[in-house]
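No value in this document is a laboratory result; all are computed from the given coordinates. All of these numbers come straight from a predicted model, not from anything done at the bench. With ideal geometry, Cβ positions are generated from the backbone for all residues, glycine too; neighbour counts draw on all protein chains shown.
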Amino acid sequence: MKEAHSEIDIDRGKCIVCGACSAVCPGEALIIEGMTLRVYPERCRPCGQAALVCPTGALHCPGEE
């Protein structure tokens, strides 16, 4: 099941909630809360870094190449 927030797209079926994306997100738009990845689209700085480090390819972000 895919979930879209503004421009950030998360495939919840692929997301393993590892925290790699939240660790590199400069705007803190992706935060691990419990066992859930929460998205704060208003904080997103379209850099694409989170999608680049996602080990399962669950994220698609603005700025991703």
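If I model a spin label as a point 7 Å beyond the Cα along the Cα-Cβ vector, how far apart are those points for R38 and K14 in nm?
Placing both labels 7 Å beyond Cα along the Cβ direction yields 2.5 nm.
Which option, (i) 2.12; (ii) 2.40; (iii) 0.94, is the value of Cα Rg over 2.2 N^0.38 Å that was calculated from these coordinates?
So the calculated entry is the one marked (iii).
Fewest Cβ neighbours within 10 Å first, please rank L37, L30, L52 accordingly.
On the way: L37 23, L30 27, L52 15.
Going from sparsest to densest Cβ surroundings: L52, L37, L30.
Calculate one ³J(HN,Hα) per residue across region 27-36 by plugging θ = phi - 60° into the Karplus curve 6.51 cos²θ - 1.76 cosθ + 1.60, and present them in order as whole Hz with x for glycine and proline.
x, 6, 7, 10, 10, 7, 10, x, 10, 10
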